[in-house]
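Visitor: I'd like to ask you about the structure that follows.
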Amino acid sequence: MARVLTVGAAQLGPIQKAESRTSVVNRMLALVEAANDKGCDLIVFTELSLTTFFPRWYMEDQAEVDQWFEAEMPGPDTQALFDTTRQYQMAFHLGYAELIEEEGELHRYNTAILVDRDGQIAGKYRKVHLPGHDEFDTERDFQHLEKRYFEVGNLGFPVWRFLDGIFGMCICNDRRWPETYRVMGLQGVEMVVLGYNTPSTNSQSDEAPHVRAFHNLISMQAGAYQNSTWVVGVAKAGCEDGHDLMGGSAIIAPTGEVVAQCRTLDDELIVADCDLDATKFGKETIFDFARHRRIEHYGLITERTGVELPPE
Ligand code: ING
């Protein structure tokens, strides 16, 4: 039996600070049209899809910060996305900055949602691994202030029954941490969808760009292979107000093979037929956790970095 989904990875090119959400959503709707023309069941958008990557800017005024957040989902700017995808019976993934009042307090998260074919939000994830720093760092070539603007995600790494499969999400830096995929792998995940906004250069070193592209793929390919799951990683790419973001959006099979990859730094749709049953072989052989994984024999697993070595 095959459970084949036609999946579109909808990379976005740069979004300038001055670009309106309406303009961005119109670009996204063009990608939805292209995805519909190719028969996509699902379209995956990127991290912080609706705005420029604003954590690169140091801001002190909360109202200035909050202009980058969505207080409603769907809201006036995003309703067209929900309406059009529902019309096409196409599910979608969307990353955005979430402003929400919970128990009388305002909270701000780097968030992603899964929306089903009928336009209903089926799952929500909030970014756990927030890279960067929370105060202006004079040592860096550019700022990365996610720790300043977002709270750490408080939803864990859940999975959902979605599109006749088991789906999970993560966001950007999460994809670099093996725990991210394993927590979902232990729940039987069959497709992990994620967005990323990754600077092409390292603000703290002269790391060559090809190394960054290598780390991007190896992180996602390893996560896919070691948990026998599809991984769809979608970039916001290109030059935003003078700051370059890498592309490389990819659809990765449970074997770890890249089956499709974007070639530009612009709005670009790549499509692949993803058989969710292709995850079974790995889960039932090499990565059959029940038969082969021996956590009780792994020795001390500390929550701290590193382990106290026994005295000489
Ligand atoms: N961006 C980058 C990412 O994890 C980064 C930040 C790049 C951290 C390279 C470490 C190394 O892809 C976001 N938004 O997390």
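Visitor: Scan region 233-286 for residues that are within 16 Å of L12 (Cβ to Cβ), of a type outside the set (K, R) and without any contact (Cβ under 8 Å) to a residue 60 or more places away in the chain and jot them down.
Guide: Listed by number, the residues that qualify are D244, M246, G248, Q261.
Visitor: Identify all residues within region 109-136 that are surrounded by fewer than 16 Cβ atoms within 10 Å (Cβ to Cβ) and either within 14 Å of the ligand (Cβ to nearest atom) or in a loop (DSSP other than H, G, I, E, B) (or both); write none if there are none.
Guide: D118, Q120, P131, D134, E135, F136
Visitor: Regarding region 222-231, can at least one residue be identified that is within 16 Å of the ligand (Cβ to nearest atom), in contact (Cβ under 8 Å) with a residue 24 or more places away in the chain and either open to solvent by 10 Å² or more (accessible area, probe 1.4 Å) or closer than 23 Å to A97 by Cα (or both)?
Guide: yes
Visitor: Conditions first: (1) open to solvent by 10 Å² or more (accessible area, probe 1.4 Å); (2) within 15 Å of the chain's Cα centre (by Cα); (3) among the basic types (K, R). R148 passes all but one, so which condition is the exception?
Guide: Result: R148 passes all but (2).
Visitor: Please work out which one of (1) within 20 Å of the chain's Cα centre (by Cα); (2) open to solvent by less than 40 Å² (accessible area, probe 1.4 Å) is the condition Q143 fails and give its number.
Guide: Just one mismatch for Q143, condition (1).
Visitor: Among the helices (runs of 4 or more DSSP H) contained in region 1-91, which hold 2 or more residues that are within 14 Å of E268 (Cβ to Cβ) and either in contact with a strand residue (DSSP E or B) (Cβ under 7 Å, 6 or more places away or on another chain) or open to solvent by less than 40 Å² (accessible area, probe 1.4 Å) (or both)?
Guide: 21-37
Visitor: Right, next: Would you check if G95 is closer than 19 Å to A30 by Cβ and not hydrophobic (A, V, I, L, M, F, W, C)?
Guide: Yes.
Visitor: Which one is nearest to the ligand (Cβ to nearest atom) among residues in region 163-205 that are under 21 Å from G95 (Cα atoms), part of a loop (DSSP other than H, G, I, E, B) and not hydroxyl-bearing (S, T, Y)?
Guide: Residue satisfying both the conditions and the ranking: N197.
The values are calculated or read from the model by the stated rules, or taken from the named source; none is laboratory data. Since we're looking at a predicted model, the values are computed, not measured. In this analysis, Cβ positions are derived from the backbone assuming ideal geometry, glycine residues included, and neighbour counts consider all displayed protein chains. These accessible areas exclude ligands, DNA and RNA; they are computed on the full protein's heavy atoms, side chains included. Shrake-Rupley method; radii C 1.70, N 1.55, O 1.52, S 1.80 Å.
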